[in-house]
Amino acid sequence: MPDGTPVEELTLRALGPEDTKYVCKIITYGGAVRSLTVPDRNGNPVDVVLGFDTLEDYRAQDKYIGALVGRYANRVGGAEFTLNGAQYPLFANDGPNSLHGGRTGFDKRVWTVEELGGSAATLSLVSPDMDEGYPGSLEVRVTYTLSEGGLAISYRAKSDRDTVCNLTNHSYFNLSGHDSGSVEGQYIKLNASRYTPAGPGSIPTGEIAPVEGTPMDLRTAQPIGTRIGEPFGQLVMAGGYDHNWVIDKHEGTIWTAAAAWSPDTGIAMDAATTLPGVQFYAGNFLSGCPRGKGGAVYGDRHGFCLETQFFPDSPNQPGFPSCVLKAGEEYHSVTVYSFGVADCAEKL
Ligand code: GLA
């Protein structure tokens, strides 16, 4: 870093055969997942996340590629919220709204390596009181665990004052390989019968609407590109899929939010989480970042994100599940991205 702080890269290998194809690289800048290699239908390794070759490129891009996002992932409307009667102004970095933690969100910090084993690593960060306008000194610990099933990310945080907290990972997946071009031919399925429609600036209106009868209905696997260009107001406004879906819950504490599949490689992915929402972002505005790994050109829709989360603008939306973290209590969420191969989308 310009101030001399070193940035490290950690390599995780799944426990199992010595030649496991499950390998993940994490960098301490932004805690970013820099590569995630899984086997395709022929057993060949495929790197399914976008990333960069140099730290300079990570610092130059503004797409949150691979990063840990906080203190409040997604948007806070009007770059301001009220908690316990006090108003907290934030930095407006997305028109009049605050996006992904403000000017210097957690994605731009160098995280500390707390623990490192062969298949797991824990990173930590202390976000001081009033950092980016948020109250309370927040201690965050994120553990990545790689297995032959996939990558689990566990987030824990504690604050010494009441605050709001919403942590996610902003990996862009491309199940045909990070350098393979558009994901519009890859299948997506969202286990969500409702979503949160948004108004100007992608700030939710507060309504929780059924997906039924709209192109937001992705309950049956379909190629990302099939309905993304329909003249449906929400899609037109956001330039494609870039919304929060309300995950249908079932028994247990972790539920499968989404599944995706590449007909090219046969790689199938599930995203399961303890959180109530998922932002499915189709990478509509991805172009314009530096060359990716190995010189890859990342254009619009060359990767998709499944950002598990509290709903956008929850600090200002009394009808949404609460993202308030009380002083001394623990924030804990888990998201697991699982991989396998499938021979058709109907299996998702
Ligand atoms: C999120 C947002 C998108 C965009 C990306 C970053 O997914 O919802 O609108 O800002 O982050 O480029």
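For the structure I just gave you, tell me whether Leu325 is modelled with pLDDT under 95, more than 16 Å from the ligand (Cβ to nearest atom) and not aromatic (Phe, Trp, Tyr). So Leu325 does not fit the description; no.
Of the residues making up segment 73-99, those that are more than 21 Å from Asn169 (Cβ to Cβ), touching a residue at least 24 places away in the same chain (Cβ under 8 Å) and among the small types (Gly, Ala, Ser) number 4.
Taken together, the criteria place Thr122 among residues that are surrounded by fewer than 20 Cβ atoms within 10 Å (Cβ to Cβ) and under 21 Å from Pro6 (Cβ atoms).
Listed by first and then second residue, the pairs with beta-carbon distance under 9 Å, at least 6 apart or on different chains, first residue in segment 113-142 and among the β-branched types (Val, Ile, Thr), second open to solvent by 70 Å² or more (accessible area, probe 1.4 Å) and in a loop (DSSP other than H, G, I, E, B), are Val113/Glu8. Test of understanding: among Gly288, Gly252, Gly277, Gly283, which residue is within 13 Å of the ligand (Cβ to nearest atom) and free of Cβ contacts under 8 Å to residues at least 12 places away in the same chain? After ruling out the rest, the residue left standing is Gly288.
What's the number of the only condition in (1) farther than 23 Å from Gln279 by Cβ; (2) open to solvent by 30 Å² or more (accessible area, probe 1.4 Å); (3) of a type in the set (S, T, N, Q); (4) in contact with a strand residue (DSSP E or B) (Cβ under 8 Å, 6 or more places away or on another chain) that Asn84 fails to meet? Of the numbered conditions (1) farther than 23 Å from Gln279 by Cβ; (2) open to solvent by 30 Å² or more (accessible area, probe 1.4 Å); (3) of a type in the set (S, T, N, Q); (4) in contact with a strand residue (DSSP E or B) (Cβ under 8 Å, 6 or more places away or on another chain), the odd one out for Asn84 is (4). Within segment 56-86, if we keep just the residues that are in a helix (DSSP H, G or I) and within 16 Å of the ligand (Cβ to nearest atom), the residue that is nearest to Gly133 (Cα to Cα) turns out to be Ala79. In segment 5-22, the condition of being under 22 Å from Ser262 (Cα atoms), among the hydrophobic types (A, V, I, L, M, F, W, C) and open to solvent by less than 50 Å² (accessible area, probe 1.4 Å) is met by no residue.
The values are calculated or read from the model by the stated rules, or taken from the named source; none is laboratory data. Remember, predicted model here, so these are calculated numbers, not experimental data. Using ideal geometry, Cβ is built from the backbone for each residue, glycine included, and neighbour counts are taken over all protein chains shown. The protein model used for the area step is the full one, side chains on, heavy atoms only, and it has no ligands, DNA or RNA in it. Shrake-Rupley method; radii C 1.70, N 1.55, O 1.52, S 1.80 Å.
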